Amino acid sequence: MVCDVSQSNSSWIWNFIQQTLQPSTFQHILNIQPPNPNTGTDRCSWFHGKNGEFSVKSAYNLITKELWNPTDVKWIKLWHLPIPERIKHFLWISYRDRLLTNVNRCARNLTDDPLCQICRSANETLLHVLRDCKQTASLWQLIIRQQQLQDFFTLGTNEWLMMNLDSNRLFAGSKIPWKTLFASLAKNWANYFITTTPDSSTGTAFPRPKLIQWRPAPAGWFTLNTDGAVHHTSSLGSAGGIIRNKDGDWIVGFNKAVGISSPLQAELWGILEGLQLAWSQILEHLQCQTDCAEALTLVTSSTAASSPVSIVRFIASLISKQWKVDFILIRREANATADFLAKSTVVSNDLPCIYIEPPQEIIPHLARDLHGPAFTRS
Ligand SMILES: [Zn+2]
């Protein structure tokens, strides 16, 4: 029973766990937030969804994850299409959801505006570009056979692409195979969307700055930088962070092992531990800087307090205390010091290492944050 290995003060009974369970299980428990009455009752959470919510897409990805390989019939079909190489390549990118739509650009910090620049009424996802945006949809409605329209507009991305490359029932107006026509139309639509620049009065897309450097929060505020890291083979995660004042002086730092973890979980652990540490320092104004857009979206969501992910609920309960906490998204390069701390975690238990003084190895990183040279990005 979980209650046998946790205490009423929301911590695991670590000695008992280490004595009774296998080390491999222990690493999984390390990644789980101990039961806490402040985070509400237990609820079901879909492990394979980014925010704990079930979606058909995540279930589909789970089922197909192991199946993706170049000999997959889907890829064979794609690479044998009688269409120019550049269009095949475009379809391959679409299958992998690597097209630089605004949603994907947001995930890469290339913009902070996920909306479609044509209609500005929905996020610009791949399906929105290729099928669902008002302009695109009205074109398809003229072309696709009436009796196929429902399937056409309801399938998920990969099924939809496959349907178009597989079926000749969708369109009866030409001797040219539908897959050839479709591929060409889709590519042209994508070009049109991706090259459309935002309206300067509403859009906020921006070019990458040439120089990137850490910036402290304004006077009166403390800055918390947090980061997570996951080892690519062992999947063991760790989190780290640092609190500095407006002049960039070290207040306190931490790092912590978080067990078998996804990158997003490690980032969330960094934010949670950082906020707990900041709260314990009785700081009244805190700017939390993260380079993880996904984590930022989760913890600043209006529904964070009822998120299916307990760590997000815990963070939401911390933010709602009597202090002012702001979050900003920063570039990875400006978060190098927190990244260094996260990656230098050595102790593998559930307690964070707290650094009242900066460790020697981190001093060059602190100096670079304050005095440069700035990082550059091409
Ligand atoms: Zn649109």
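The values are calculated or read from the model by the stated rules, or taken from the named source; none is laboratory data. Just so you know, these numbers come straight off a predicted model, no measurement behind them. Positions of Cβ are generated from backbone atoms using ideal geometry, with glycine treated the same way; all protein chains shown enter the neighbour counts.
When Glu124 is tested against (1) over 16 Å from the mean Cα position of the chain (by Cα); (2) more than 22 Å from Asn61 (Cβ to Cβ), only condition (2) is not met.
Among the residues of the stretch 231-249, those that are touching a Leu at 6+ places or on another chain (Cβ under 7 Å) and in a strand (DSSP E or B) comprise Gly240, Gly241, Ile242, Ile243.
Kindly indicate whether any position in the stretch 139-149 is over 30 Å from Ile63 (Cβ atoms) and within 16 Å of the ligand (Cβ to nearest atom). Yes, the conditions are met somewhere in the stretch 139-149. Figure legend. Inter-residue proximity from the stretch 108-129: first residues without any contact (Cβ under 8 Å) to a residue 60 or more places away in the chain and over 22 Å from Arg331 (Cα atoms), second residues more than 9 Å from the ligand (Cβ to nearest atom) and among the aromatic types (Phe, Trp, Tyr), beta-carbon distance below 9 Å, spacing 6+ or different chains. Indicated pairs: Leu127/Trp160.
Being surrounded by 14 or more Cβ atoms within 10 Å (Cβ to Cβ), at pLDDT below 80 and within 30 Å of Leu298 (Cβ to Cβ) holds for only one residue in Tyr95, Tyr60, and it is Tyr60.
Residues in the stretch 279-303 that are surrounded by fewer than 24 Cβ atoms within 10 Å (Cβ to Cβ), part of a helix (DSSP H, G or I) and not charged (D, E, K, R): Trp279, Ser280, Ala293, Leu296, Thr297, Thr300. Any residue at all in the stretch 326-338 that's outside the structural domain of Leu30 (by TED's automatic domain parsing), crowded, with 21+ Cβ neighbours inside 10 Å, at pLDDT 90 or above and under 26 Å from Asn36 (Cβ atoms)? Within the stretch 326-338 (the criterion being outside the structural domain of Leu30 (by TED's automatic domain parsing), crowded, with 21+ Cβ neighbours inside 10 Å, at pLDDT 90 or above and under 26 Å from Asn36 (Cβ atoms)), the answer is yes, since at least one residue qualifies. A residue that is within 30 Å of Ala305 (Cβ to Cβ) and in a helix (DSSP H, G or I) occurs somewhere in the stretch 4-14. When you check Ile76 against the structure, is it in contact (Cβ under 8 Å) with a residue 24 or more places away in the chain and either more than 16 Å from the ligand (Cβ to nearest atom) or in the same structural domain as Ala183 (by TED's automatic domain parsing) (or both), yes or no? Here the answer is no, as Ile76 does not meet what is asked. Among the residues of the stretch 112-136, those that are among the polar types (S, T, N, Q) and either at pLDDT below 85 or near the ligand (Cβ under 6 Å from one of its atoms) (or both) comprise Gln117, Gln135.
Against the definition (surrounded by fewer than 19 Cβ atoms within 10 Å (Cβ to Cβ), in the same structural domain as Ala190 (by TED's automatic domain parsing) and in contact with a Lys or Arg (Cβ under 8 Å, 6 or more places away or on another chain)), how does Asn123 come out, yes or no? The answer is no for Asn123. Scanning the stretch 281-294 for residues that are closer than 18 Å to Ala229 by Cα and either of a type in the set (Val, Ile, Thr) or modelled with pLDDT under 95 (or both) gives Thr290, Asp291, Cys292, Ala293, Glu294.
Taking the conditions (1) in contact with a Lys or Arg (Cβ under 9 Å, 6 or more places away or on another chain); (2) part of a loop (DSSP other than H, G, I, E, B); (3) within 16 Å of the ligand (Cβ to nearest atom); (4) not polar (S, T, N, Q) in turn, Leu81 satisfies each one other than (3).
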